[in-house]
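Okay, structure first, notes after.
The values are calculated or read from the model by the stated rules, or taken from the named source; none is laboratory data. Model, not experiment: these values are computed from the prediction. Positions of Cβ are backbone-derived with ideal geometry, glycine not excepted, and every protein chain shown enters the neighbour counts.
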Amino acid sequence: MRRRGVGGVAAINKSKLAKAKFAEKGTEIAETQVSQMSQQLEEFRTKLSDFAAKHRNEIRKNPQFRNHFQQMCARIGVDPLASSKGFWAELLNVGDFYYELGVQVIEVCMATRPRNGGIIPLEELRVRLTKAHGKTREDVTVDDLSRAIKKLSTLGNGFKVIAVGSQRLVQSVPVELSMDNTAVLQSAMDTGYASIKTLCDEFQWPTDRARRSLEQLIKEGMVWIDSQNASEDLYWFPGLFNNEK
């Protein structure tokens, strides 16, 4: 076996030493960059805090301004609604704003549930809430409502915003909608009702699948059945009626 010369060993040791120095320098640079980024982020949060304190009233009263502020917070990982007793809530009172709004959302949903079965369009909810509370809620947006409802999710799965096609609905009944249930909702968005035949034609479902999904929605109180139609039973979603007046 050929022995490796002293020069070869020295070269290997030199290479290892160089790699170690490069690794050490790389770690040093990375730590410096992280430190600088952390410092910049902290400075930005401080400036955001000063900005929030200066524009506190406008954030609460101007929905567009409030939305922009929420977006700024999201970019740096700050949640003004993380706690009703937290720093941001105390600084802005936005925590109280959204928690109070959440209570009013519950009131409207509970009052309308006997008529709509626990499904109400987000825009209709906004209109009803504005009418019920007048000027104190005239600047509330659907984005504000979505944020308030998201906070209500801590109560369980009874309140949530669901997307059906291009429209957003508020669900206020503690039931998990299946994909079939959501498909039935989407089918009924334009007319307010669905039927076994329309579901079978639209989704290529067998009859028992369409019937099973509709019966589940009837059981949860979301659908009313109309047996007086001459051709076939119609399954109406009262929550999709125009009930704003």
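Which one of these does Ser166 not meet: (1) closer than 21 Å to Phe241 by Cα; (2) surrounded by 19 or more Cβ atoms within 10 Å (Cβ to Cβ); (3) modelled with pLDDT under 85?
In the conditions (1) closer than 21 Å to Phe241 by Cα; (2) surrounded by 19 or more Cβ atoms within 10 Å (Cβ to Cβ); (3) modelled with pLDDT under 85, Ser166 misses (2) alone.
Cβ-Cβ below 8 Å, separation at least six or inter-chain, first residue in the stretch 141-165 and over 14 Å from Ile106 (Cα atoms) and of a type outside the set (Val, Ile, Thr), second surrounded by fewer than 18 Cβ atoms within 10 Å (Cβ to Cβ) and at pLDDT 80 or above: which pairs?
Qualifying pairs under 8 Å: Gly165/Gln186; Gly165/Met189.
Would you point out the residue of the stretch 224-245, among those that are over 25 Å from the mean Cα position of the chain (by Cα) and of a type in the set (A, V, I, L, M), that is modelled with the lowest pLDDT?
Ala230
With in contact (Cβ under 8 Å) with a residue 40 or more places away in the chain and surrounded by 18 or more Cβ atoms within 10 Å (Cβ to Cβ) as the only criterion, which of Ala183, Ala194, Ala210 stands out?
Ala194
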